[in-house]
Amino acid sequence: MPKCIGIIPDGNRRWARANGLASLEGHQAGYKKAKEVAEWAFGAGVRHILFYAFSTENWKRTAEEVSYLMDLLKWVFEHEIDELDKKGVRIRVIGDIASLPSVIQELAKNAEEKTKTNTRGTMGVLLSYGGRKEVVEAVKRIVAAGITADEISVESFGKSLWTAGIPEPDIIIRAGGEKRLSNFLTWGAAYSELFFLDTLWPAFTKEE
């Protein structure tokens, strides 16, 4: 059984258009699917699941879409954490958190604190995340800590990453038809098995 699965949930807007819905509604459907998939994974014995929820590149989308996504995140953190907590799910928010609106930062911190002792499984939510930026920020931390070149190893470098404490993904699944990682877990994906699906994320099934 994989210890960790990475998910690139692509295709929300295309799914919405295909179903005659506003593209923004696709993101809401995508969140609901993420909840389902996490439940399937934890039920099967997977201990960690990482969702690429909002990349550093996503800031380039329209102001309307970015605003909607921030509102959706705010709603999730305000209304869904209690349910996840009761199910024993631990929340980790991973990425350039300082670039997020202050209210999201505070809610994310509260979600992590509230669920930190839960043991059923860890749901990593990657927000304002970019794999290359994660590596750069790790280097900055190492330099700031005064660690010498001779003291740096693969293992010690990994401890400086945003994803420290979470196993590298055994499997990465990308929905939506694209066959690339798009700056997802640039360090952690080195040995992952990659599965690219044509299915748009909100239509992803347990069988798949």
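The values are calculated or read from the model by the stated rules, or taken from the named source; none is laboratory data. What you see is a predicted model; the values in this text were computed from it and never measured. Cβ atoms come from the backbone with ideal geometry, glycine included; neighbour counts cover every protein chain shown. With ligands, DNA and RNA removed, areas are computed over all heavy atoms of the protein, side chains included. Shrake-Rupley method; radii C 1.70, N 1.55, O 1.52, S 1.80 Å.
Quick notes on this structure:
- Mean residue ellipticity, 222 nm, helices only, the chain: the sum of -39500 (n - 2.57) across DSSP H runs of n ≥ 4, divided by residue count and rounded to 500, is -12500 deg cm²/dmol.
- Dipole magnitude (debye, nearest 20) for region 1-78, charges at Cβ of Lys, Arg, Asp, Glu: 220
- Label zone of Ala189 (point 7 Å out along Cα→Cβ, amide N under 11 Å): in region 47-61 this covers 52.
- Heavy-atom accessible area for Ser23, with the other protein chains in place and a 1.4 Å probe, reaches approximately 40 Å².
- Rolling a 1.4 Å probe over the protein heavy atoms of region 164-208, with every protein chain left in place, gives an accessible area that is 53 percent carbon and sulfur.
- Across the cross-link table entries Lys3/Lys206; Lys109/Lys159; Lys60/Lys133; Lys33/Lys140, which are compared at the Cα atoms, the separations over 24 Å belong to Lys33/Lys140.
- The trypsin sites (Lys or Arg not before Pro) of region 1-73 meeting both criteria, a DSSP state outside H, G, I, E and B (loop) and at most 16 other C-beta atoms within 10 angstrom of the site's C-beta, are Lys3, Arg61.
- Whole-angstrom gap from region 130-170 to region 24-68, using each part's C-alpha centre: 25
- When only the Cβ of Lys, Arg, Asp and Glu is charged (+1, +1, -1, -1), the dipole of the chain relative to its Cα centre reaches about 60 debye.
- Computed with a 1.4 Å probe over protein heavy atoms only, the accessible surface of region 2-44 comes to 45 Å² per residue.
- Cβ-defined net charge surrounding Ala16, 15 Å radius [Lys, Arg +1; Asp, Glu -1]: +2
- Accessible area of region 1-137 belonging to carbon and sulfur atoms, whole % at 1.4 Å probe: 50
- Over region 54-145, accessible surface divided per residue gives 52 Å², non-protein components excluded, 1.4 Å probe.
- Each Lys or Arg adds one and each Asp or Glu subtracts one; over the other residues with Cβ under 12 Å from the Cβ of Val66, this totals -2.
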